[in-house]
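Values quoted throughout were computed directly from the atomic coordinates according to the rules given, and no laboratory measurement underlies them. Note that the structure is a prediction, hence the values are computed from the model and not measured. All Cβ positions, glycine included, derive from the backbone under ideal geometry; neighbour counts span all protein chains shown.
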Amino acid sequence: MPEVARAEYLEELASLEASALGGLDLVNIALGRTLEAVERQDVELAQLVVADDDRIDGRYLEVHQALITLLATQSPVATDLRLISSLLHVLKNIERMGDQCVNICKVIPISGNEPPADEEMVRLILTMGRQAKTLITQAKRAFEERDVEMAQDLVRQDDVVDDLNRDCFRLALQLGDDADKREWAMTMLLAARALERTADNAVDIGEQVAFVVTGLFREFEDASHPS
Amino acid sequence: MLGAATKRSEPQGKKGGGEMAESRPATATTTEPAAVSGRRAKTIETRGVDLFYGDFQAVEAVTMTIEPNKVTALIGSSGCGKTTFLRSLNRMHELTPGARVQGEVTLDGEDVYGSRVDPVAVRRLIGMVFQQPNPFPTMSIYDNVAAGLNLNAKKASKTQRDGVVERSLRGAHLWEEVKDRLDKPGGSLSGGQQQRLCIARAIAVEPEVLLMDEPCSALDPVATLAVEDLIGELKSRYTIVIVTHNMQQAARASDVTAFFNLDATGKPGHLVEMGPTEEMFTNPNQKETEDYVSGRFG
């Protein structure tokens, strides 16, 4: 009897996990470009991010299909089953995070090449974006290392993003009566909202880490019943 | 008392089967499908059961509670003692020369191995369905079902027997397929039908518990699913224990799963873990169980 039975299946599962989590790297690249496009009001770079989202969607479709095939052909149970179920969730979150980058990039041309930008607002958005990138990196590592504590820490990191989001809102209210500036501020609020959701997606991935490890699913934070 | 040997000498009648048999009629005359009305079946408990073939210990210290009206699956790699354990529950193990049992097996608190207990009465209360369908091949379908009845209730009238045969065949989901050829030999049926005929034969004597030793391993997938559906219905009336090598069958067809394993070849098998099937297949407590149900070894 071989030392490890079903070696090929296990290799396939490990490879699919790496591919799925690799999607988080693609999101981080897209998010980095998105932040750069916001900072420089770079409409061309924003368009590139929109076009490049096909790669993230492609990763989603490819790995999703392969996981379904594994389910159909290998009858996974126990940890393997939980892992596959989690990866399907993770993929959905990755796809959503890619879409949020697209959402931000689509509003950049609305405000034109030389918008009446407010430096403080841009700084808040960039800080939010960098914090969201940190969450994505941490979510990936927590999943790879099956580290529940690290996954739970995502909630603390996400609170920083939520606070910055509220700061953006307050600042937008204070930006005066200039119509162009108010319109620009509105587009930035949309961007802030997209970044806030991206960070939430990273927390969702953290919840899947806990599910893979413990077999129990629970939300780290319940938005409808905040503690 | 569990079919005490002393009672066997009594005149045949309603007391013939002992106290347990008195809880329901010795023969049924209705044509009601067995699975329609739920009833509380009986609980089997084992405490520290050790099983031997001569000097060889096949099973060690199994303590478990097999709950009524549930399907309990025994899984584990070949040689881990699950079939031996199953056979000890209705005293079939002792039919093998040199085989012996230590520990305690009770049916609703009554000792199955009590000194005054008649093993034949035990086997009537705790029926067995085997891996290979084993109808009496030349005996008619009708007589196959009535066989156990004839042995256990000799005074049943023709009308009563007709009722039991129909009820049992309906209970085994076979009636509609065979009702027009009850006089044909049991061997003329397909494999899946033969297995359902054996189940009909087992339930004809109104047991409390049905033991099934890989009942689908000789059947094709369609017949397997038919038998699994049947098992799901039979649990409303019986306590069911099934040994299976088919992990998906255990996952599909059972409510509770018990995993047996052995540390090495030649060592006795033991119970590693037992729990709700859903948990055993999604989040087992023991790594040994996880490895087995995931197909990592065995």
Task: Under 13 Å, Cβ to Cβ, from residue B:214 - net charge with Lys/Arg +1 and Asp/Glu -1 - done: 0
Task: Sum of side-chain charges, residue A:70 neighbourhood, beta-carbon under 9 Å (Lys, Arg +1; Asp, Glu -1) - done: -2
Open item on the list: What does the net charge come to around residue B:133 if you take all other residues with beta carbon closer than 11 Å to its beta carbon, with K and R at +1 and D and E at -1?
Closed with: +2
Task: Candidate aspartates and glutamates for bridging to residue B:287, where Cα separation is under 17 Å - those fewer than 8 sequence places away on the same chain excluded - done: A:3, A:80, B:263, B:273, B:278, B:279
- [ ] With viscosity set to 1.306 mPa s and temperature to 10 °C, compute the Stokes-Einstein D of the protein assembly as shown, Rh being the Kirkwood radius across alpha carbon pairs; µm²/s, no decimals.
- [x] 58
Open item on the list: Can you tell me which lysines have their Cα less than 30 Å from the Cα of residue B:158? Leave out same-chain residues fewer than eight positions away.
Closed with: B:7, B:14, B:15, B:42, B:179, B:184, B:235
TODO: Could you please rank B:122, A:43, B:178, placing first whichever residue has the fewest other Cβ atoms within 10 Å of its Cβ?
DONE: A:43, B:178, B:122
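Do you know the relative contact order of the stretch B:80-209, to the nearest whole percent, from alpha carbon pairs under 8 angstrom that are 6+ apart? All intermediate terms of the calculation are to be shown ahead of the outcome.
Working: 152 pairs, mean separation 39.9, N = 130.
It rounds to 31 percent for the stretch B:80-209.
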Task: Semi-axis lengths (Å, descending) of the ellipsoid that matches the C-alpha gyration tensor of the stretch A:60-174 - done: 36, 19, 9
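Using Cα pairs closer than 8 Å and at least 6 residues apart in sequence, work out the relative contact order for chain A, in percent. Show your work: numbers first, answer last.
Working: 274 pairs, mean separation 58.1, N = 227.
Taking the mean separation of contacting Cα pairs over the length of chain A, I get 26 percent.
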Task: GNM result for chain A, Cα springs below 10 Å: residue of A:156, A:146, A:96 fluctuating most strongly - done: A:156
Task: DSSP loop chymotrypsin sites (Phe, Trp or Tyr not before Pro) with at most 16 other Cβ within 10 Å: longest gap in chain A - done: A:1-216
Task: Which of B:83, B:43, B:265, A:214 has the fewest Cβ neighbours within 10 Å, and the rest in rising order - done: B:265, A:214, B:43, B:83
Open item on the list: I'd like the antiparallel share, as a percent to the nearest 5, of DSSP beta bridges with both residues in the protein assembly as shown.
Closed with: 60
- [ ] Return the distance in nm (one decimal) between the two label points of a simple spin-label model at residue A:213 and residue A:65, each offset 7 Å from Cα along Cα→Cβ.
- [x] 3.4
Task: Stokes-Einstein D for the stretch B:61-200, Kirkwood Rh over Cα pairs, 10 °C, 1.306 mPa s (µm²/s) - done: 93
Task: Rounded tilt (10° steps) of A:119-145 against the dominant C-alpha axis of chain A - done: 0
Task: Separation of the residue A:126 and residue B:233 label points, Cα + 7 Å toward Cβ, nm - done: 7.2
Task: ³J(HN,Hα) computed for each position of the stretch A:160-166 - Karplus, 6.51 cos²θ - 1.76 cosθ + 1.60, integer Hz, glycine/proline x - done: 4, 4, 4, 4, 5, 4, 5
TODO: Would you please give the residues with an amide H less than 5 Å from that of residue B:267, counting only those at least 5 places away or on a separate chain, with H modeled from the backbone geometry?
DONE: none
Open item on the list: Can you compute the label reach from residue B:134? Point 7 Å from Cα along the Cβ direction, backbone N cut-off under 19 Å, restricted to the stretch B:211-253.
Closed with: B:211-219, B:241-245
Open item on the list: At a 10 Å Cβ-Cβ cut-off, how would you order B:242, A:108, fewest neighbours first?
Closed with: A:108, B:242
Open item on the list: On a full-extension model of 0.36 nm per residue, what is the gain between residue A:106 and residue A:155, subtracting their alpha-carbon distance, rounded to one decimal in nm?
Closed with: 14.8 nm
Task: the stretch A:19-51 versus the stretch A:78-131: alpha-carbon centroid distance in Å - done: 9
Task: Solution diffusion estimate, µm²/s, Stokes-Einstein, the stretch B:178-232, Kirkwood Rh from C-alpha pairs, 4 °C, viscosity 1.567 mPa s - done: 108
Task: Quotient of C-alpha Rg and 2.2 N^0.38 Å, computed over the stretch A:7-214 - done: 1.11
TODO: Please give the contour-minus-distance gain from residue B:183 to residue B:61: 0.36 nm per residue of separation, less the Cα-Cα distance, rounded to one decimal in nm.
DONE: 39.2 nm
